[in-house]
Structure formats: C-alpha cells, structure tokens
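Contents: one structure, followed by commentary.
The values are calculated or read from the model by the stated rules, or taken from the named source; none is laboratory data. Only a predicted model underlies this, so the values are computations on that prediction, with no experimental measurement involved. Reconstructed Cβ throughout: ideal geometry from the backbone, glycine too, with neighbour counts over all protein chains shown.
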Amino acid sequence: MNINKISLMIGGEAGAGISRSGFLFAKACLRGGLQVFGTNDYQSLIRGGHNFYIVRVDSEEIFSQSESIDLLLALNKETILIHKDELVPKGGIIYDGEDFTVSDEELGREDINLYSVPLRQIVNKLKDKLIVRNTVGLGAIMSLMAFNLDHLIGVIKDTFNSKVADLNVKALKMGWNFAQKHFAEDHKYQLSEQKIVKKHRVFLNGNEAIGLGALRAGCKFYVAYPMTPATGLLHFMASLEREYGMIVVHAESEISAINMVAGASFAGVRAMTATSGGGFCLMSEGLGMLGMTETPAVIMLAQRPGPSTGLPTYSGQGDLRFVIHASHGEFPRVVIAPGDVEECFYKTLEAFNLAEKYQIPVIILTDKYLVESYEGLKVFDVDRIGIDRGRYLRGKDYESEEEYQRHKFTRDGISPRAIPGMKGVIVRTNSNEHDENGYTTDNPELTIKMVNKRFRKRETLVKDLENYETVRLYGSMRADITLFGWGTTKRPIREAMKRLSGEDLKINFLQIVYLDPFPTDKVRKMLQLAQKSIVVEENKTSQLSSLIREHTLMTIDHEILKYNGRPFNPLELSNRIKEVL
Amino acid sequence: MVTLEDLNTPIKNTWCPGCGNFGILTAVKRALIRLSLERNQVVLVSGIGCHGKIVNHININGFHGIHGRVLPLANGIKLVNPNLTVVGFAGDADQYDEGWGYFTHAIRRNVDMTLIVHDNMVLGLTTGQTTATSRKGFKTKSTPFGAISPALNPVAHAIVSNGTFVARGYVGEITHLTRLMVEAIKHKGFSFIDVFQPCVSFNKINTYEWFNQRVYKLEEEEYDYTNRQKALEKSMEWGDRIPIGIIYKEDRLSYRDNLSHIMDVSLTQLPTEDIDISSILKSMM
Ligand SMILES: Cc1ncc(C[n+]2csc(CCOP(=O)(O)OP(=O)(O)O)c2C)c(N)n1
Ligand code: SF4
Ligand SMILES: [Mg+2]
C-alpha cells in the first residue's frame with residue numbers, strides 16, 4: 001500500500017495533450033490539500049516523438065520529482081518500453097489493451113500491475129474530437145487512487161468552457177466507472193484529502209512566477225522574441241497586456257528586444273525582456289549599452305544546454321560565466337539565480353528594485369527545469385518586497401537652479417534620473433563615453449572619472465546587498481559535508497538531503513542566490529567551516545567552483561556535475577554524494 | 001517654444017567642412033522651430049557614424065545609441081510615451097547594412113516617429129568603405145576592385161514594407177528638406193526620409209555636383225503620392241533624373257492606435273505601486 005506518496009507519469013506522443021493532463025491531475029491533488037510538483041520532458045518537435053509529464057504528490061513537503069514512478073499512464077507502447085525500469089516494484093501501468101499488448105517478457109519483469117482500459121473505445125463512443133484518451137485515463141487513475149473525483153471535475157470546469165468541460169467530465173466518469181468495475185479492490189496507491197494545507201495554495205511554474213513578479217513590480221513594457229524555455233513568459237505577459245495596462249511586444253529579434261527595453265526604460269517605465277542563451281548572445285551588445293548609458297533593465301535568461309542550439313527543450317547551467325562577463329568593456333550588473341518557483345517571484349521584485357536603484361541591467365538566471373516545472377505553493381506574500389524606484393525624479397517638474405545632468409557625479413555614483421518630457425530638463429545619454437551632460441567625450445581624465453562613477457555605484461550596491469539574502473543556508477552551520485550550488489539544483493539537492501537525513505551524516509547546503517556581485521564573505525565563511533565541500537552543478541566545467549576559487553582563493557573538494565540536459569534526480573544525487581565519501 | 005539659440009550646444013563640431021551633415025542639422029533645427037515644439041517634448045535618437053554625432057549638436061533630449069539599432073531604441077521610447085516627438089537619425093551603413101532588419105520591421109510596425117537616414121552612400125566615420133547604397137563598381141579601400149553587388153533601394157523597400165510616409169530629400173535643397181521634415185514629423189505613423197548627404201571626404205562620385213545635375217522635385221510635377229503602384233514606379237527612377245519629395249503617403253493606424261487599452265496615455269503615468277495580482281493568483285488555485 002502506497003498512501004499519499006505517489007509519482008505519476010503520463011507519456012506518449014507530442015501533441016497528445018500530455019502536459020495538460022498532468023497539469024489537471026496535479027491541480028486536483030493541490031485542491032485536495034496535497035503537496036504537488038509537476039515537470040515535463042519533451043522534444044523539439046510538434047507531433048510524434050516521445051513526451052512525458054511527471055506529477056509527484058505527497059502529504060509532506062516535497063521539492064522535486066522523485067526518481068521512480070508508481071503509476072504510468074502510457075498512451076503508446078514506446079512509453080512503456082522506455083520507462084518500464086523506472087517503475088517501482090508492483091507499480092502499475094494504465095494502457096489501452098485494444099491498442100497494443102504488453103507482455104511480461106517485454107517488460108522484463110513480472111511484478112507490474114497492468115490495467116487495461118479501453119481508452120480509445122470510450123473516446124470513440126463520445127464522438128467528439130475535443131476529447132482525448134488521457135482524460136479517460138485520468139478517470140481510471142482517480143478510481144485506482146480512490147481519490148475524490150470532485151476536485152478534478154472542479155479543475156476541469158474552471159479550465160475549459162462549459163461545452164468542453166461537460167464532455168471531459170463525461171469521459172472522466174466513464175474512465176472512473178470502468179476502473180471501479182474492473183479494478184475495484186486494487187487500491188495500492190491511495191490519495192486522501194488533507195484538510196490542513198488546503199486553502200490558499202497555487203500551482204504555477206517559474207515563468208509564471210517571474211511574470212507575476214514583474215506585474216507586481218509595476219513592469220509596464222515587456223518585449224521578447226520566442227525562444228524555449230523563456231517563451232512561456234512571453235505568452236503569460238501577452239495574455240495580460242490589456243488587463244494590466246502594459247505594452248507587450250513580440251519583437252523581430254532579441255537585438256531589437258533589448259534595444260526596445262533600453263528605449264522604454266529611458267522613457268521612464270520598468271521594462272523587461274527574456275530569452276535563452278542564444279538570444280542572450282544577441283543581447284550582449286545591448287547589455288553593454290545599458291551599462292554605459294546607466295539605463296535600468298531586467299533580463300531573464302532561461303538556460304538550456306549549449307553551445308549553439310544545443311538541446312533546445314532541455315535544461316542546463318552552462319551560462320553562468322557568460323552572463324557575468326557578457327558584453328565588452330566593464331560595467332556593473334547584477335546576476336540573480338532563483339532556485340525554486342517561490343524565489344522566481346520574490347527575486348524578480350528585487351531585480352526591478354536593484355535595476356532602478358543602481359541604474360544598471362539585472363539578469364535573472366534560470367533554466368528550463370526551473371521555469372517550466374510547476375510547484376504547489378503557499379500564495380505569495382505580495383507585500384514582502386516593496387517598490388523602490390531609487391533616485392527617479394518621477395511625476396515632478398525639475399525645479400533647481402542647477403542645470404539637470406543625466407550623468408551627474410555624485411558621491412555614491414548614482415545620478416538623479418529624470419525622463420524626457422519632464423519640464424526643465426534635457427535628458428541626454430550616450431553609448432560613447434560621455435560627460436555629465438551626456439555629450440560624447442574622449443577626454444582621458446573625464447573617462448577615468450566616468451568609469452569610476454559607474455563603479456562607485458557598484459561599491460554602493462555591494463554594501464546594500466549585505467541586507468539581502470544573497471545566500472541561503474539549509475541545515476545547520478556545521479556539517480560533515482557542505483554542498484554549494486546555485487539556481488535549479490536547489491530542489492534536487494534539498495530532496496537528496498531529505499533522503500540522506502536517515503544516514504549517520506550531517507549535510508548542509510549553501511545556495512548562492514546572488515552570483516554577481518559575488519557574496520564573497522558569506523561563501524568564504526561557509527568554506528572555512530566546511531569539513532568537505534562539494535559543488536553540485538549542471539555543467540561540464542563547474543563554473544561555480546571556479547567562481548568560488550576566484551573570489552575566495554579557496555578550493556572546492558569535490559564536484560558533482562551533470563550535463564545531459566536532464567535535471568538531477570534525488571536518488572542519483574544522494575548516491576553521488578555518498579560516492580564522494 | 002524653441003529658438004535657434006536654445007538648440008545650440010557647446011560641443012565643437014568635427015564634421016569635415018562642406019559635409020552634407022551640416023545641411024541636415026540646419027534643416028532639423030528649422031523644422032523643430034517651425035513645428036513650435038517645446039524642447040522637453042522632443043527626443044532625438046542616433047546611431048553610430050558621422051551622422052550619429054548630430055545628437056551632440058542639438059540641445060534636446062537625446063539617446064546616442066549603438067550602430068544600426070536606432071529604430072528599436074526609438075520605438076521603445078515612443079511606445080511608452082506617445083506625448084514625445086521622437087526623431088531617429090541613422091547612417092546608410094547604420095540603417096541599411098547593420099540595421100537593415102529593423103528598418104523593414106519598424107516600417108511595418110508603424111510606430112509614430114520619424115527616421116532620417118543620412119545617405120552619403122559610404123561609411124564615413126570608418127574612413128570610406130562601401131555601403132548598401134554605394135553604387136555597383138564603387139571603389140573603396142574595402143572594395144578596391146569595385147563593389148560587386150548592386151545598391152539596394154531603400155525607398156522602394158519602404159513602400160513594399162507597407163510604409164505610410166516615404167520620402168527622399170537632398171541637403172542641397174534645404175528649404176525643401178525642412179518642409180519634408182515638418183511633414184514627416186506631423187505624419188501620424190512611421191515616417192521615413194532618405195536624405196542625400198554628400199560626404200566630401202570619401203565619396204568622390206556622388207558629390208553635390210552629381211546630385212545637383214540629377215535631382216528634381218516631385219512637387220514641381222504633377223505627381224500623386226497616394227498611388228502605391230505609381231509610387232513604387234517612381235521610387236525606381238534612377239539615372240539622369242532622380243526624384244526628391246514625398247514619394248508615398250497613406251493613413252494607417254499607428255501601432256499604438258491599435259492598443260485601445262491604453263489609448264494615448266503615457267505608460268509613465270501609470271502606477272507601479274499596489275498592482276493587484278490577486279485574480280491571477282486565484283486562477284492558479
Ligand atoms: C557593431 C559595430 N560595428 C562596427 C562599428 C564601426 N563603425 C563605426 S561607424 C560605422 C559606419 C558608419 O557608416 P554610416 O552608418 O554610413 O555613417 P556615416 O559615418 O557615413 O555617417 C561603423 C561600421 C561599430 N561602431 N559598431
Ligand atoms: S567623413 Fe564624410 S560624412 Fe563624415 S564628416 Fe566628413 S564629409 Fe561628413
Ligand atoms: Mg554613411
């Protein structure tokens with residue numbers, strides 16, 4: 001019996017609505033008061049191929065998917081052949097025995113429960129193109145799990161228009177009835193409603209959390225060119241353009257996007273763009289212009305494995321060094337790497353504040369696994385981070401004897417920011433080195449002063465960041481093993497720590513959230529305390545290790561690296577940690 | 001209202017004596033004065049090249065951007081704040097080589113702004129190489145045996161890209177150029193003027209004399225610039241006679257006019273505080 005701990009996989013060809021079904025199932029569990037995590041795996045194609053969606057459900061806190069599957073809804077035979085070995089002993093497969101057969105020989109094991117449901121026959125009976133086999137399968141799954149069907153019906157009704165919803169509910173019930181009749185006693189994987197955590201939980205992915213953060217931050221201009229895995233954010237923002245009084249532009253390229261962001265921000269609003277590594281390459285030139293012209297901007301980079309087109313629909317962490325150094329010349333910037341969906345929201349708010357306070361570009365560094373996986377979460381505390389627009393002379397006319405200068409020298413390097421249209425000011429900026437008025441210069445003394453001015457902002461920023469959670473520690477200060485990581489690996493790391501907590505081994509984990517400016521002191525302190533240090537990272541060259549060495553002059557003992565495009569799974573990671581010992 | 005004096009800046013001008021850019025500078029200043037615009041209402045955006053320095057010589061809001069990217073930068077400004085008059089200045093290499101993609105797309109997008117291309121048919125600031133509008137056979141340091149590709153035709157391209165205001169001017173006809181600029185800035189939508197701007201240092205072919213012999217004003221003939229087919233034909237006239245003036249003009253809703261949810265409100269006026277996201281959160285429950 002497997003109660004309230006279930007990992008469900010739905011697999012089949014692309015275009016079969018697999019992600020949608022996984023999403024509906026997860027949301028139903030969320031409404032039933034359970035903890036949920038959903039992640040997808042798909043190829044860069046539109047029809048055919050192999051796709052799957054994993055939903056993990058638990059009554060306790062979970063951080064990522066697990067390494068095994070309890071129940072598999074297989075829409076084609078290939079799915080079974082690919083994933084049969086991931087099934088737990090006595091795991092179950094729901095499939096359509098009228099479509100294809102499965103034998104123990106093919107499975108290579110005899111402990112699997114096979115549940116054949118006439119998915120296609122039921123769909124055909126309903127005679128409507130809008131119905132998919134998955135929905136019938138979901139009905140059967142709910143029956144097998146003895147979980148209240150009302151939650152799923154509710155989700156379907158909230159998601160689709162009434163005609164489509166009614167049809168889906170019909171299909172769902174037919175699947176449910178079939179399973180009730182044929183597998184009535186077979187409740188090996190049960191889910192039961194949890195009363196405690198029921199209220200105020202949301203189910204969303206990283207892209208949506210970043211979008212919500214941007215909306216809450218008062219972003220008024222979003223522009224992007226589609227690129228997986230950042231495209232979801234463009235879709236999200238575009239769908240809300242009207243309701244939130246924004247302008248959302250689908251630009252002709254990333255070069256265009258970043259220059260539009262510069263223009264929008266210069267004109268006076270909070271502006272943002274997002275892309276993946278390839279698009280960020282094109283943005284590098286514009287990034288430098290933002291630095292030189294002291295124009296605030298927020299750029300989200302959702303990584304996928306490179307170089308070049310790489311694995312377009314998979315995940316990786318190969319762009320850390322790139323974003324820290326991107327563009328020629330030297331200028332201050334901020335690089336923030338949220339590690340889960342909740343941080344995606346709060347760090348986006350911080351990003352907008354820092355961009356305006358220091359009049360610099362801020363990069364939010366994520367990846368496919370983070371922005372496209374869904375987490376069930378407590379509703380955000382929307383007031384936790386207020387809006388700080390820095391030295392923006394907003395809504396006022398300029399009233400001073402002194403002539404306004406966009407790049408005025410100040411003690412902390414930050415110049416008051418006026419916008420064009422304001423009375424009494426001329427706002428001039430320049431991608432060439434410039435004087436305080438924004439006029440081009442090549443004067444050597446002035447050049448030094450301007451470079452120093454821009455870097456004084458960085459000094460001010462570094463001091464300010466002492467008040468930010470630039471690193472997060474999980475576990476106690478002292479441990480036998482200290483893990484270091486950034487971004488997306490946080491979730492499997494925390495899951496692996498849970499797994500290792502039974503062992504006679506103390507582990508802690510330092511998540512480095514701000515990677516530039518680097519929180520040197522905090523990292524050094526942990527390294528000094530660490531008995532054994534391990535960096536966990538999804539790239540080949542362990543970019544974090546080298547960054548730590550560069551800043552702290554200390555070396556990391558071990559590196560656990562992965563670079564096949566797939567996120568770490570918790571068992572794999574905990575085993576690799578044990579191997580190190 | 002601005003005066004000529006207001007527009008002067010203390011920056012020393014480094015254009016070569018006789019450079020066509022002086023004519024553009026004069027015409028722009030006159031146009032701004034004629035339009036009775038307040039200084040704070042106008043933003044000038046420029047690219048990189050000799051032309052780009054124009055922002056240093058007009059005392060008005062300005063963003064001296066990077067090579068080829070004038071249009072997205074200027075579009076961003078205007079989309080946010082429709083109360084601003086936005087004028088972009090680009091070079092022929094700047095716009096038609098490095099920035100070619102944005103040219104077509106900005107025309108299509110029809111954001112209400114003006115683009116003035118200083119077309120000297122040469123890369124000036126990099127000391128004289130071939131550009132997209134240099135004629136076939138043009139000999140420079142980068143093409144010592146003569147340019148192999150034919151020149152492209154920005155005016156025809158602008159019409160084909162669904163331009164709503166397409167014009168050509170010449171710095172040798174300053175009064176005419178000023179009038180074109182006034183019309184272009186007044187136009188609701190994206191207006192584009194390709195301006196013949198002799199480079200006295202690096203283009204010994206397309207000189208003042210060369211243009212003077214060929215250029216004629218469309219206004220002096222019977223010409224209907226609202227007929228797209230005719231305009232396309234006219235845009236291809238090149239040789240002994242080259243037309244200047246408004247070549248094509250039509251009325252079409254600008255990009256922002258399609259955004260009924262914000263009308264002509266400047267986005268800078270909208271609140272950034274207390275944005276309510278609760279309904280979205282609720283839909284995620
Ligand atoms: C990305 C980039 N590539 C190249 C250059 C070097 N560059 C400076 S000005 C210029 C072209 C100037 O030609 P044009 O745009 O016709 O302007 P003009 O000088 O003729 O006014 C070039 C290529 C640059 N600044 N940036
Ligand atoms: S090089 Fe040509 S375009 Fe540049 S300033 Fe001299 S004459 Fe003018
Ligand atoms: Mg030129």
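Data table
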item	result
Residues that are more than 8 Å from every other protein chain (Cβ to nearest Cβ) and closer than 15 Å to B:T9 by Cβ, drawn from the range B:43-61	B:L44, B:S46, B:G52, B:I54, B:H57, B:I58
B:L84, sole failed condition from (1) at the interface with chain A (Cβ under 7 Å from one of its Cβ atoms); (2) over 30 Å from A:G245 (Cβ atoms)	(2)
From A:E241, A:E254, residue being acidic (D, E), away from ligand 2 (no atom under 16 Å from the Cβ) and buried (at least 24 other Cβ atoms within 10 Å of the Cβ)	A:E254
Residue that is farthest from the other protein chains (Cβ to nearest Cβ), among those in the range A:218-230 that are under 20 Å from A:G487 (Cβ atoms) and touching a Pro at 6+ places or on another chain (Cβ under 9 Å)	A:T228
Residues of the range A:25-42 that turn out to be surrounded by fewer than 24 Cβ atoms within 10 Å (Cβ to Cβ) and outside any strand (DSSP E or B), as a count	4
The range A:367-382 - residue that is out of contact with any helix residue (DSSP H, G or I) (no Cβ under 6 Å at 6 or more places or on another chain), modelled with pLDDT of 95 or more and outside any loop (DSSP other than H, G, I, E, B) and, of those, surrounded by the most Cβ atoms within 10 Å (Cβ to Cβ)	A:K368
Strands (runs of 3 or more DSSP E) wholly inside the range B:60-132 that include at least 2 residues being in contact with a helix residue (DSSP H, G or I) (Cβ under 8 Å, 6 or more places away or on another chain) and more than 16 Å from ligand 3 (Cβ to nearest atom)	B:61-64, B:85-91
Residue match in the range B:211-225 (condition: modelled with pLDDT of 95 or more and either within 14 Å of chain A (Cβ to nearest Cβ) or within 16 Å of ligand 3 (Cβ to nearest atom) (or both))	yes
The one condition in (1) at the interface with chain B (Cβ under 8 Å from one of its Cβ atoms); (2) surrounded by 24 or more Cβ atoms within 10 Å (Cβ to Cβ); (3) out of contact with any strand residue (DSSP E or B) (no Cβ under 7 Å at 6 or more places or on another chain) that A:L215 fails to fulfil	(2)
Failed criterion for A:A262 (all others in (1) within 22 Å of the chain's Cα centre (by Cα); (2) small (G, A, S); (3) facing another protein chain (nearest Cβ under 7 Å) hold)	(1)
Failed item in (1) in contact with a strand residue (DSSP E or B) (Cβ under 7 Å, 6 or more places away or on another chain); (2) at positive phi; (3) small (G, A, S); (4) within 10 Å of another protein chain (Cβ to nearest Cβ), with B:G65 passing the rest	(2)
Residue that is nearest to B:I24 (Cα to Cα), among those in the range B:185-243 that are within 16 Å of ligand 1 (Cβ to nearest atom) and of a type in the set (D, E, K, R)	B:D194
Per-region count, the range A:409-437, residues more than 7 Å from chain B (Cβ to nearest Cβ) and small (G, A, S)	4
Residues that are touching a strand residue (DSSP E or B) at 6+ places or on another chain (Cβ under 7 Å) and either within 15 Å of ligand 3 (Cβ to nearest atom) or assigned to a loop (DSSP other than H, G, I, E, B) (or both), drawn from the range B:21-35	B:N21, B:I24
Matching option when the condition is surrounded by fewer than 18 Cβ atoms within 10 Å (Cβ to Cβ), of a type in the set (K, R) and at pLDDT below 95, among A:K449, A:K408, A:K396	A:K396
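Quick grid of which residues meet (1) within 16 Å of ligand 2 (Cβ to nearest atom); (2) surrounded by 18 or more Cβ atoms within 10 Å (Cβ to Cβ); (3) without any contact (Cβ under 8 Å) to a residue 40 or more places away in the chain:
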residue: B:V122; (1), (2), (3): yes, yes, no
residue: B:T130; (1), (2), (3): yes, yes, yes
residue: B:G146; (1), (2), (3): no, no, yes
residue: B:S149; (1), (2), (3): no, no, yes
residue: B:P154; (1), (2), (3): no, yes, no
residue: B:A158; (1), (2), (3): no, yes, no
residue: B:N162; (1), (2), (3): no, no, no
residue: B:F165; (1), (2), (3): no, yes, no
residue: B:Y170; (1), (2), (3): yes, yes, no
